[in-house]
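The values are calculated or read from the model by the stated rules, or taken from the named source; none is laboratory data. Model, not experiment: these values are computed from the prediction. Positions of Cβ are backbone-derived with ideal geometry, glycine not excepted, and every protein chain shown enters the neighbour counts.
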Amino acid sequence: MDARADFDEFVAGRSSGLLRTAYLLTRDHALAEDLLQTALAKAWFAWSRIEDRPEPYVRKILVNTYASWWRRRWNGEHAYADPPEPPPASGEHDAADQRHDLWAAMGRLPRRQRAVVVLRFVEDLSEAETARLLGVTAGTVKSQTSKALAKLRIDPALAAGPDLSPTTRTSEDRS
């Protein structure tokens with residue numbers, strides 16, 4: 001019964017952060033919830049082995065499950081039209097528009113590059129932690145980060161948006 005209480009406490013305390021990571025990987029609220037639920041279900045079965053440091057283990061399950069989902073061909077529902085939304089008042093939502101443009105540009109990145117950017121810059125993991133989580137070398141993390149930032153720099157939606165120059169965040173800031 002003690003393991004169940006520890007697991008429940010972990011889920012209550014870390015679900016929002018893990019859900020944010022899942023959303024940034026999937027870019028879909030429903031898929032993010034499914035991804036997190038799947039990862040937590042897998043973690044429950046290994047809980048007795050991981051309860052000392054569960055978060056890195058659960059995050060690895062999250063990323064690996066996401067990777068297996070993108071390898072699998074999706075045959076689910078497909079939307080045919082965007083729902084109608086009222087046009088925003090000009091000037092009121094400029095910051096939200098810039099964030100939307102950034103996430104739209106992130107969505108155009110290949111999945112591995114998106115995963116690296118999310119883990120490095122949103123989750124604030126080091127190169128080594130990101131490499132370990134993705135099961136790749138630190139060099140791969142560096143090259144994928146470099147390629148992703150280069151693509152974001154030339155993305156037309158971000159032409160007048162946030163500064164993504166390499167001097168914005170250096171590797172010394174990350175370690």
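If you take the residues of segment 90-144 that are touching an Asp or Glu at 6+ places or on another chain (Cβ under 8 Å) and at pLDDT 90 or above, which of them is farthest from THR65 (Cα to Cα)? Residue satisfying both the conditions and the ranking: LYS142. Return a yes/no flag: does segment 65-82 have any residue that is aliphatic (A, V, I, L, M), within 22 Å of ARG111 (Cα to Cα) and modelled with pLDDT under 90. Yes, segment 65-82 contains at least one residue that is aliphatic (A, V, I, L, M), within 22 Å of ARG111 (Cα to Cα) and modelled with pLDDT under 90.
Can you confirm whether LEU40 is within 23 Å of MET106 (Cβ to Cβ) and surrounded by 11 or more Cβ atoms within 10 Å (Cβ to Cβ)? Here the answer is no, as LEU40 does not meet what is asked.
In segment 20-49, the residues that are assigned by TED's automatic domain parsing to the domain that holds GLN113 never reach a residue that is part of a helix (DSSP H, G or I) with C-beta atoms less than 8 angstrom apart, at least six apart or across chains.
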